[in-house]
Amino acid sequence: SAKEQGKNRYQTFNVSMDDHITLKVNLENGLRKAIELNEMSIAYQPKLELLSNEIIGVEALLRWKHSEYGNISPSTFIPLAEETGLILKLGDWVLREACLQLKKWEDEGVEHLGVSVNVSTIQFLQKDFVEKVEAILKDTLADPVYLELEITESSTMDTELVISKLKKLKQLGIKISIDDFGSGYSSLSHIKNLPIDILKIDKSFINDIENDHSNQAIVSTILALATNLNLKTIAEGVENERQYQILKEKGCDQIQGYYISKPVPVAEVSKLMHFKVTN
Ligand code: C2E
Ligand code: CA
Ligand code: CA
Ligand code: CA
């Protein structure tokens, strides 16, 4: 009967809600001890400088292999980490690991390879964020010149406090990039107030740029803005040769994306160092 069906539907809903909550609680508990259990790792995605045709750096991207659920995407666990505050611990860990890797490359004689690390707004807004970064640099002996922090725009970014924090980070010798530029809270007028180095053009604008004229126009505008503000540019999500060519013609400084390489384990980074686009 309709009533029974309704009841069943209600029960089905109930069960899946329970499952959903159980899964979330399990993930949260798992995330709490993931570092201790050695389940976290970093994948590095190369960045190609278009003028020199060389790999000049990599982006550090967190990877989590859960003992029961297997690989869990950052788009699942990063929001959970932000919700629960666990991002602070994870963020410290990634930054430390990335700096240790920088030092290792330096010791091995791998030259001029920069590393960028994603920083959540929650992390950045911590009172002692700059001190934490400073302490990690001191502990690991990493050269700050090769470290870049990727932060995203948000409405909380345009304050004196944030600007002074960015200035302090830059005084340490670190570079700052605005990640996902153009996709979120984007005030062209306030970007000029921020002491930053690089605009990272969001991949939604690179997607289908070979056919999409409005994306072409947006990217040209961002590149012109960057030139005027004396900022470097990197396009993310470059997946094919056409997109690479268009960005090169438009004068974008760097590209990143599956066309060059997916994020790879650290052992594969050195193999990619001598990558060249041969056209
Ligand atoms: P994001 O910082 O914008 O990183 C770029 C994402 O796009 C990465 O996904 C990367 O694997 C993916 N990607 C790279 N090239 C291509 C391409 O050509 N095509 C397509 N379709 N995708 C491409 P991933 O690794 O799954 O990370 C997703 C997001 O999770 C990141 O976006 C970042 O916001 C966050 N995240 C990852 N690691 C960290 C971390 O250590 N700390 C923080 N706070 N967030 C992180
Ligand atoms: Ca990023
Ligand atoms: Ca991005
Ligand atoms: Ca993104």
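The values are calculated or read from the model by the stated rules, or taken from the named source; none is laboratory data. The structure displayed is predicted, hence computed values, not measured ones. Positions of Cβ are generated from backbone atoms using ideal geometry, with glycine treated the same way; all protein chains shown enter the neighbour counts. When the accessible area is computed, the model is the full protein with side chains, heavy atoms only, and any ligands, DNA or RNA have been set aside. Shrake-Rupley method; radii C 1.70, N 1.55, O 1.52, S 1.80 Å.
Tell me, please, whether a residue that is over 20 Å from Lys262 (Cα atoms), of a type in the set (D, E, K, R) and open to solvent by 40 Å² or more (accessible area, probe 1.4 Å) can be found in segment 55-76.
yes
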Requiring at least 1 residues that are over 16 Å from Ile151 (Cβ atoms), more than 9 Å from ligand 1 (Cβ to nearest atom) and touching a residue at least 12 places away in the same chain (Cβ under 8 Å), the helices (runs of 4 or more DSSP H) wholly within segment 45-126 are 74-84, 87-107
Given (1) more than 16 Å from ligand 4 (Cβ to nearest atom); (2) closer than 27 Å to Lys248 by Cα; (3) outside any loop (DSSP other than H, G, I, E, B), number of the condition Glu148 does not satisfy = (1)
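Let me confirm something: among Leu125, Leu169, which residue is modelled with pLDDT of 90 or more, under 21 Å from the mean Cα position of the chain (by Cα), away from ligand 3 (no atom under 16 Å from the Cβ) and open to solvent by 30 Å² or more (accessible area, probe 1.4 Å)? Lay out the reasoning, then the answer.
Values: Leu169 fails: open to solvent by 30 Å² or more (accessible area, probe 1.4 Å).
Just a single option satisfies the conditions, and that option is Leu125.
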Would you please name the residue that is surrounded by the fewest Cβ atoms within 10 Å (Cβ to Cβ), looking only at residues in segment 243-255 that are in contact with a helix residue (DSSP H, G or I) (Cβ under 7 Å, 6 or more places away or on another chain) and under 17 Å from Gln45 (Cβ atoms)?
-> Gln243
Evaluation of Ile72 against (1) at pLDDT 95 or above; (2) touching a Gly at 6+ places or on another chain (Cβ under 8 Å) (one fails), failing number | (2)
Got at least one residue in segment 90-105 being touching a helix residue (DSSP H, G or I) at 6+ places or on another chain (Cβ under 8 Å) and under 21 Å from Leu48 (Cβ atoms)?
-> yes
Does segment 13-25 contain any residue that is at pLDDT 95 or above and of a type in the set (Gly, Ala, Ser)?
-> no
Give me a count of the residues in segment 230-242 that are open to solvent by less than 60 Å² (accessible area, probe 1.4 Å) and closer than 24 Å to Leu188 by Cβ.
-> 7
Go through segment 172-211 and give me each residue that's closer than 29 Å to Gln245 by Cβ and more than 17 Å from the chain's Cα centre (by Cα).
-> Ser186, Leu188, Ile191, Asn207, Asp208, Ile209, Glu210, Asn211
Is it the case that Leu113 is within 16 Å of ligand 2 (Cβ to nearest atom), under 20 Å from Ile42 (Cβ atoms) and in contact with a strand residue (DSSP E or B) (Cβ under 7 Å, 6 or more places away or on another chain)?
-> no
Mind checking whether some residue in segment 212-228 is within 20 Å of the chain's Cα centre (by Cα), open to solvent by 40 Å² or more (accessible area, probe 1.4 Å) and either without any contact (Cβ under 8 Å) to a residue 12 or more places away in the chain or within 29 Å of Val145 (Cα to Cα) (or both)?
-> no
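Inspect all residues belonging to segment 176-199 and state whether any of them is under 23 Å from Ala60 (Cα atoms), more than 16 Å from ligand 3 (Cβ to nearest atom) and out of contact with any Lys or Arg (no Cβ under 9 Å at 6 or more places or on another chain).
We begin by selecting, within segment 176-199, every residue under 23 Å from Ala60 (Cα atoms); these are 176-184, 195-199.
Subset that is more than 16 Å from ligand 3 (Cβ to nearest atom): 195.
Now drop any that are not out of contact with any Lys or Arg (no Cβ under 9 Å at 6 or more places or on another chain), which leaves none.
No, every residue in segment 176-199 fails to be under 23 Å from Ala60 (Cα atoms), more than 16 Å from ligand 3 (Cβ to nearest atom) and out of contact with any Lys or Arg (no Cβ under 9 Å at 6 or more places or on another chain).
In segment 249-273, which residue that is assigned to a loop (DSSP other than H, G, I, E, B), in contact with an Asp or Glu (Cβ under 9 Å, 6 or more places away or on another chain) and touching a residue at least 60 places away in the same chain (Cβ under 8 Å) is farthest from ligand 4 (Cβ to nearest atom)? Steps first, answer last, please.
Of all residues in segment 249-273, those assigned to a loop (DSSP other than H, G, I, E, B) come to 251-253, 256-263, 265, 273.
Then drop every residue that is not in contact with an Asp or Glu (Cβ under 9 Å, 6 or more places away or on another chain), which leaves 253, 256-259, 261, 263, 273.
From what is left, the residues that are touching a residue at least 60 places away in the same chain (Cβ under 8 Å) are 253, 256, 261, 263, 273.
On the way: Asp253: 19, Gln256: 12, Ser261: 18, Pro263: 13, Met273: 25 Å.
Step by step, filter segment 249-273, then rank; the result is Met273.
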